[in-house]
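One structure is given below, encoded as structure tokens.
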Amino acid sequence: MMRHYELIERVQRYKPDVNEALLNKAYVYAMKKHGDQRRASGAPYFSHPLEVAAILADMRLDEATIAAALLHDTIEDTTATREEIDAMFGPDIGRLVDGLTKLKKIDLVSKKAEQAENLRKLLLAIAEDVRVLLVKLADRLHNMRTLDHVPEAKRLRIAEETMDIYAPLAGRMGMQDMREELEELAFRHINPDAHRTVTERLKETIARNVGVIAEIEKSLMTLFDKYKLRALVKSRQKKPWSVFRKMESKGLSFEQLSDIFGFRVMVETIEDCYRALGAIHSTWPMVPGRFKDYISTPKQNDYRSLHTTIVGPSRQRVELQIRTFAMDSIAEFGVAAHSIYKDHGDSADLFNGHQISKDTNAYGWLRKTIAQLAEGDSPEDFLENTKLELFQDQVFCFTPKGLLIALPKGATPIDFAYAVHTGLGDSCVGAKINGRMMPVITELKNGDEVEIVPAKGQVPPAAWETDRRHRQGARRHPPRHAHGDPQAIFRPRPAHP
Ligand code: MN
């Protein structure tokens with residue numbers, strides 16, 4: 001178990017004037033309150049909040065967040081109360097701990113209608129203070145790291161919730177490292193066989209290519225020396241989950257994946273990014289169609305980088321990401337990197353002097369989402385709007401009468417028909433997408449209106465849409481079927497978008 005002085009030292013490394021007394025007090029209080037409680041592993045319970053605090057210290061967060069992490073399970077699991085925490089640590093920390101206590105009761109893999117309400121609660125809690133989300137994600141990360149000790153049924157539920165909600169949320173907030181580790185841990189529990197196979201294949205591939213990787217790294221460094229560019233080159237490998245997802249979604253075999261490993265080039269300034277790119281492109285041919293400039297046009301979650309693929313020194317395709325150290329911090333820590341600004345507005349030097357606006361896309365998204373809450377959307381509206389953006393692995397389509405059907409990405413009209421009704425699926429011979437006859441194997445896109453054409457002589461199940469409305473009232477799950485698990489949400493179509 002980590003020692004208290006180690007935690008203080010970690011915080012001191014980025015915040016020399018840390019309020020040590022506050023952290024000491026939180027440490028002692030939480031330790032006493034948890035007393036001799038144990039975790040599923042048999043370890044003292046207090047090791048958990050301590051590790052959560054350590055994860056947040058690695059993200060360089062302020063001491064209020066670290067203290068809240070130490071205290072995050074006290075109200076729920078011990079005799080501690082909000083009043084007591086307010087009195088001892090002030091209302092700022094009290095609010096954070098209170099927000100986390102509320103989140104703890106939220107079950108996000110429940111029935112759809114409840115899920116909508118719970119997701120709404122989650123985002124409301126985050127809205128009050130984004131640090132609540134940071135502690136919650138660190139809490140989830142440590143629980144996922146120690147999930148082996150939890151009984152199997154519960155383990156699977158936690159892993160699914162992590163894969164469905166927390167990992168995408170981390171990604172949406174720009175925290176790529178957090179997202180990748182959560183996905184990796186969840187994947188291991190949700191699909192152990194696939195995880196084992198992909199991980200082993202990846203290991204073999206990397207082992208086979210150690211020489212090539214070193215050679216490319218050396219060639220890049222020599223090139224940058226020649227151009228007098230100060231740069232750091234790091235090789236990186238695709239993570240098992242993203243390998244598996246790509247194989248599944250594109251129907252590829254492992255051998256067909258071309259981007260198992262790639263390289264990241266980090267430089268001081270934006271100008272250096274383009275100079276490095278110029279040096280690379282004038283030395284090795286680029287693969288057409290693969291260049292992307294996310295520096296001039298950042299992604300929704302504030303991600304910035306140049307992406308390119310070249311035919312490298314030994315004639316193999318090499319994927320490259322080029323970015324400044326500041327962009328790299330944002331890509332790693334996302335909103336957490338921004339929250340450093342919020343708390344220490346004067347420490348712009350942390351990011352090499354680049355002023356990064358607090359008015360970022362990730363915050364913008366959060367604000368917009370919260371604004372919808374304030375406008376009093378129904379939970380289902382809210383879930384739909386949020387999911388559209390959060391769950392990019394799903395596709396949302398409509399029946400001609402405007403009912404929303406949510407399907408896994410890549411779904412076809414046949415999946416759609418089965419999601420509506422098994423009888424409709426069995427009799428489906430054609431489909432109109434947005435009024436036009438299309439092959440039944442066409443991949444559906446967000447917002448498509450799908451009308452299923454049943455086989456001649458087969459009457460579609462009587463008034464199935466009325467039937468669905470009835471089901472909605474009864475809050476029942478859609479039927480599961482052979483074509484995946486369409487998570488249908490039933491509600492009338494909104495006034496035209
Ligand atoms: Mn916890």
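The values are calculated or read from the model by the stated rules, or taken from the named source; none is laboratory data. Note that the coordinates shown come from a computational prediction; the quantities given were computed from them, not determined experimentally. Cβ placement follows ideal geometry from the backbone for every residue including glycine, while neighbour counts extend to all protein chains displayed. What goes into the accessible areas is simple: the full protein's heavy atoms, side chains included, and nothing from ligands, DNA or RNA. Shrake-Rupley method; radii C 1.70, N 1.55, O 1.52, S 1.80 Å.
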Seminar exercise, completed: residue 17 vs (1) more than 20 Å from residue 132 (Cα to Cα); (2) not in a loop (DSSP other than H, G, I, E, B): all pass except (2)
For this session: Sort out which residues of the stretch 67-92 are in a loop (DSSP other than H, G, I, E, B) and buried (at least 21 other Cβ atoms within 10 Å of the Cβ), and write them in order of number.
Result: 72, 73, 80
Exercise. Which numbered condition trips up residue 249, out of (1) in contact (Cβ under 8 Å) with a residue 40 or more places away in the chain; (2) within 27 Å of residue 326 (Cα to Cα); (3) not β-branched (Val, Ile, Thr)?
Worked result: (2)
Exercise. Restricting the search to the stretch 224-257, which residues are among the small types (Gly, Ala, Ser) and surrounded by 13 or more Cβ atoms within 10 Å (Cβ to Cβ)?
Worked result: 231, 235, 242
Exercise. Is one or more of the residues making up the stretch 295-306 among the hydrophobic types (A, V, I, L, M, F, W, C), surrounded by fewer than 16 Cβ atoms within 10 Å (Cβ to Cβ) and outside any loop (DSSP other than H, G, I, E, B)?
Worked result: no
Exercise. Is it the case that the stretch 35-43 has a residue that's open to solvent by 50 Å² or more (accessible area, probe 1.4 Å) and within 11 Å of the ligand (Cβ to nearest atom)?
Worked result: no
For this session: Could you list all residues from the stretch 269-290 that are assigned to a loop (DSSP other than H, G, I, E, B) and open to solvent by 60 Å² or more (accessible area, probe 1.4 Å)?
Result: 282, 283, 285, 288, 289, 290
Problem set entry | Criterion (away from the ligand (no atom under 13 Å from the Cβ), over 30 Å from residue 326 (Cβ atoms) and either at pLDDT 90 or above or open to solvent by less than 30 Å² (accessible area, probe 1.4 Å) (or both)) met by exactly one of 157, 120, 188 | 188
Exercise. How many of the residues making up the stretch 49-74 are touching an Asp or Glu at 6+ places or on another chain (Cβ under 7 Å) and of a type outside the set (D, E, K, R)?
Worked result: 4
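Restricting the search to the stretch 205-235, which residues are touching a residue at least 24 places away in the same chain (Cβ under 8 Å), part of a helix (DSSP H, G or I) and under 16 Å from residue 266 (Cα atoms)?
Scanning the stretch 205-235 gives 216, 217, 219, 220, 223, 224.
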For this session: Identify the single condition in (1) modelled with pLDDT of 90 or more; (2) not in a helix (DSSP H, G or I) that residue 174 does not satisfy, given that it satisfies every other one.
Result: (1)
